[in-house]
Amino acid sequence: MVRHYILSLKLIKLKDFPKGAPEPGQAQGRQGFQRDGTMASETTHDASRALTGHHALVTGGSRGIGAACAAALVAEGARVTLLGRTAGTLAERAEALGGAVGWVAADVTDEGSVAAAVAAAREARGTIDILVNNAGGTASAPFHRTDRAAWDGALALNLTSLFTVTQAVLADMRRAGWGRVVNVASTAGQKGYAYVAAYCAAKHGVIGLTRALALEYARDGITVNAVCPGFTDTDMTRESVARIAETTGRSADQARQALESMNPQGRLVRPEDVAAAVAWLCRPEAGAVTGLALPVAGGEVMP
Ligand SMILES: NC(=O)c1ccc[n+]([C@@H]2O[C@H](COP(=O)([O-])OP(=O)(O)OC[C@H]3O[C@@H](n4cnc5c(N)ncnc54)[C@H](OP(=O)(O)O)[C@@H]3O)[C@@H](O)[C@H]2O)c1
């Protein structure tokens, strides 16, 4: 596979070099990207570290799916910046992931704090050419008891935040002529679930945004895809289990089993399952895949 990317010097079309010296173990030598998003290189490149030289920003990277995505991208050789609201959790996770990882504290619903965090990430680890829009969350309530503030909050966190963060990062990718945006949507973006109307509406919006941006930037070497996890074993699902137990009188085990049974494989999705899909979408060989909404849900959704 790697031979596809070891192209002759005359194919090299150097654009904006990712900033920063190679990390230990990274491939040495110049790399460039062609307009179609494939990579041209004048050096041998370790296929198992295909994202060497790239800088990924992972929102909600301190826990759950985002933390697993960060680990998968580091394993692929990328430098990674974790973004979240809680400095302590971010620092802990970054330290656990090693020297290629830093963090910035910001609330994705706050445009000013996102702009400052993106600028700090760029300053510390170079231009950002991979964005994983992962931060999100849900609260549940019957629709007739969902007030306007709850509706607005769900859309701000799960949809409008993608507008804010993607706009803050996109210029780097357009200048580089290469980029990867992966939006962590949900099966709730592909089907309906009762009691989470605002979340479902927002996640359906994420998939619409993904498809529109995929077309708009298709000729800029930028791919835009969504992954759609089913119920995944994270804090968010643990909170849902507790909420179901509290409102239905079921035990926590029964509530968890109810969520597991939504998945034809009879289990919760692992954060690593989602991260593997995200990392693959970022790899050079996924350059022709754009506008996809990829379920990672054990067969719960088959588009
Ligand atoms: N778990 C599931 O079953 C499931 C299924 C489908 C889709 N998803 C989606 O996957 C994504 C990650 O979910 P998860 O289960 O991994 O959630 P999680 O375990 O609750 O982690 C959420 C992450 O997002 C950060 N975050 C939350 N609000 C934020 C804000 N306003 N600004 C910045 N960062 C924020 C959190 O850090 P701080 O709290 O420190 O900010 C944390 O790092 C979400 O978009 C979710 O909708 C989850």
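The values are calculated or read from the model by the stated rules, or taken from the named source; none is laboratory data. Model, not experiment: these values are computed from the prediction. Note: ideal-geometry Cβ built from the backbone for every residue, glycine included; neighbour counts use all protein chains shown.
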What are the residues in region 94-109 that are touching a residue at least 24 places away in the same chain (Cβ under 8 Å) and within 12 Å of the ligand (Cβ to nearest atom), if any?
-> TRP103, VAL108, THR109
Inside region 151-182, the number of residues satisfying the requirement of being surrounded by fewer than 20 Cβ atoms within 10 Å (Cβ to Cβ) and either in contact (Cβ under 8 Å) with a residue 60 or more places away in the chain or among the acidic types (Asp, Glu) (or both) is 2
Read through the list (1) at pLDDT 95 or above; (2) among the small types (Gly, Ala, Ser); (3) over 13 Å from the mean Cα position of the chain (by Cα), then give the number of the only condition that GLY99 fails.
-> (1)
For region 48-91, name all the residues that are within 7 Å of the ligand (Cβ to nearest atom), of a type in the set (Val, Ile, Thr) and surrounded by fewer than 24 Cβ atoms within 10 Å (Cβ to Cβ).
-> THR86, THR89
Residue ID - farthest from SER62 (Cα to Cα), chosen from residues in region 262-280 that are among the aliphatic types (A, V, I, L, M) and within 22 Å of the chain's Cα centre (by Cα) | LEU268
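Looking for something loosely packed, with under 13 Cβ neighbours inside 10 Å and either more than 15 Å from the ligand (Cβ to nearest atom) or basic (Lys, Arg) (or both) - is there at least one such residue anywhere in region 267-284?
no
Got at least one residue in region 238-258 being under 20 Å from the mean Cα position of the chain (by Cα) and of a type in the set (Ser, Thr, Tyr)?
no
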Residue satisfying all of: in region 219-262; touching a residue at least 60 places away in the same chain (Cβ under 8 Å) and farther than 25 Å from GLY208 by Cβ; surrounded by the most Cβ atoms within 10 Å (Cβ to Cβ) among these = ARG243
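Residues in region 125-135: is at least one within 14 Å of the ligand (Cβ to nearest atom) and in contact with a Phe, Trp or Tyr (Cβ under 7 Å, 6 or more places away or on another chain)?
No, region 125-135 has no match at all.
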